[in-house]
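Following: one structure in structure tokens, then a few remarks.
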Amino acid sequence: MVAPSRLLDLQAIDTAIDRLDARKRALEGEGELAAARAQAELAERELGELRLAIDTFDRDGAKLEHEIDSLTRKAADEESRLYGGAVANAKELGSIQHEVDNLKKRKSEREDELLVVLQRHEDVERRAKEAEEHATELRIAADQVAADTARELDAVSAELVTRRDERARLAAGIDPEILELYEDLRPQKKGVAAVTLVDGVCQGCHEKLSSVELDRVKRTDGVARCEYCRRILVL
Ligand SMILES: [Zn+2]
């Protein structure tokens with residue numbers, strides 16, 4: 001008895017089902033989607049940090065501006081005392097002058113600090129703008145991957161239903177003993193239990209059968225098996 005050629009059709013369907021199952025598991029595992037979402041989230045976190053830095057510079061800048069205003073007012077008050085004529089004592093005038101100089105010096109220092117803060121603020125604003133564009137692109141890409149994944153999962157699931165129906169019909173027409181052997185062999189042979197011979201070469205292990213063995217295979221009453229890999233040979 002030689003294995004029926006329907007066994008090769010069954011093998012083709014089973015190979016297709018195995019591939020679809022693997023793809024379905026990969027899609028359900030959401031590897032690609034998880035990676036795309038992780039990238040988008042990372043970019044959004046970076047943007048959030050830049051926005052926090054902008055807030056800090058805003059607060060620092062406002063505080064310095066307030067200090068500068070206050071120092072300007074105090075210096076103006078002291079100067080009006082200095083030149084107002086109400087104070088005549090030279091020592092006191094000298095002391096006021098010293099205070100005016102001191103206030104102006106502190107004001108100048110605060111102005112330098114403010115300049116640095118404003119420059120940094122501008123730099124972070126620019127980086128935040130770039131980060132925002134980047135994060136938006138990645139979020140759109142992740143949404144696209146989610147849509148593609150859902151669509152492909154639907155298609156794969158539908159094809160699996162069709163293929164399993166097809167398999168059931170085909171399996172019903174195969175000798176139960178051969179089918180049992182085939183199903184026992186499949187898991188041991190990386191999913192491939194039934195193969196053809198091409199020019200005497202087993203298409204499972206790609207070994208060439210000797211002419212004696214080939215002749216024996218052709219004449220066998222039982223199911224023909226490859227002498228090397230033990231797969232079922234369909235002639
Ligand atoms: Zn073989």
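The values are calculated or read from the model by the stated rules, or taken from the named source; none is laboratory data. Just so it is clear, the structure is predicted and the values come from calculations on it, not from any experiment. Because the Cβ atoms are built from the backbone with ideal geometry, glycine has one as well, and the counts that use them run over all protein chains shown.
Below, the figures for the structure above:
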{"quantity": "Residue in the range 165-178 that is of a type in the set (G, A, S), in contact with a Ser or Thr (Cβ under 8 Å, 6 or more places away or on another chain) and either on the phi > 0 side of the Ramachandran plot or in a helix (DSSP H, G or I) (or both) present", "calculated": "no"}
{"quantity": "Candidates A34, A12, A38 - the one that is of a type in the set (A, V, I, L, M), surrounded by fewer than 16 Cβ atoms within 10 Å (Cβ to Cβ) and not assigned by TED's automatic domain parsing to the domain that holds E130", "calculated": "A12"}
{"quantity": "Test set (1) within 23 Å of G61 (Cα to Cα); (2) surrounded by 17 or more Cβ atoms within 10 Å (Cβ to Cβ) - E99 fails condition number", "calculated": "(1)"}
{"quantity": "Residues (of a type in the set (V, I, T) and more than 30 Å from D55 (Cβ to Cβ)) located in the range 123-180", "calculated": "V145, T149, V156, V161, T162, I174, I178"}
{"quantity": "G94, sole failed condition from (1) free of Cβ contacts under 8 Å to residues at least 60 places away in the same chain; (2) surrounded by 12 or more Cβ atoms within 10 Å (Cβ to Cβ)", "calculated": "(2)"}
{"quantity": "Test: residue in the range 82-91 that is free of Cβ contacts under 8 Å to residues at least 12 places away in the same chain, part of a helix (DSSP H, G or I) and surrounded by 12 or more Cβ atoms within 10 Å (Cβ to Cβ)", "calculated": "no"}
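Each row is one residue, and each column tells you yes or no for (1) aliphatic (A, V, I, L, M); (2) in a loop (DSSP other than H, G, I, E, B); (3) in contact (Cβ under 8 Å) with a residue 12 or more places away in the chain; (4) within 13 Å of the ligand (Cβ to nearest atom).
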| site | (1), (2), (3), (4) |
| --- | --- |
| L185 | yes, no, yes, yes |
| G191 | no, yes, yes, no |
| V195 | yes, no, yes, yes |
| G204 | no, yes, yes, yes |
| L214 | yes, no, yes, yes |
| V223 | yes, yes, yes, no |
| R230 | no, yes, yes, yes |
